[in-house]
Amino acid sequence: MAGEKKGFLQGILRGIPLFRKAKDADYPNEGPVPTHTPKAHPYETNMGWFSHRIKYRGMLDLDKLYRVMAGWFKEKRFELHENLFKSKPPEWEVRLMGERKETAFVKNIIDVHVHMWGTYNIDAIVNGRKKKMANVRVISRIDGDIQRPYADIFEEPRWTATGFECRILKLFQNWFYRRETEGIYWDKLYSELYDLHGAIKAHLGMGAR
């Protein structure tokens, strides 16, 4: 009976690669012996929100619009990156991305994409002063995101290298950190996104904020 139990357990352990004896066919005749490296499934670390768009047609001060957006990021202490700038009349396009680390685990990201077509460098009188204006149609899109966790200084993802790390991260996010993320960081970012949305509309003269 004891021999049967031993054989039964051995049969189970043989099914586990760690306890199974390797066969000669498992090793190549030449070169290094292959090693098994477990790979984790891709894990999304962002939260995301629905894009907000602003559509406008008319005259505007292009330089002032850029200063309004850049000044807003500076006031809110975001690290500003200009990921795209294209000026090929009649097309003008710019993409700004701001990043701000809230903690060692949470980072806020705001992306602003402004795309316009029209006529530029038009002489106009504004408040009794001569200025260069643009007569364009504009489509602006504002996106916001919370990245948790964000990459390290070498742009390597953290806590997502293996399946075990992904499961621990998911448990931490859904059970221990969810209320703080949604109740503090996400509400704060959501309010700031609408503030930026209102600042752009106010510059374009599109009504109350």
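Each reported figure results from applying straightforward, stated rules to the coordinates on display, with no laboratory input. Source: prediction; values computed, not measured. A quick note on method: Cβ atoms are made from the backbone with ideal geometry, for glycine too, and the neighbour counts reach across all protein chains shown.
Descriptive notes on the structure:
- Overall, region 110-209 carries a charge dipole of about 580 debye about its Cα centre when +1 sits on the Cβ of Lys and Arg and -1 on the Cβ of Asp and Glu, all other atoms neutral.
- Cβ-based charge dipole, region 83-145, positive-most Cα from Ile142, Gly118, Phe85: Gly118
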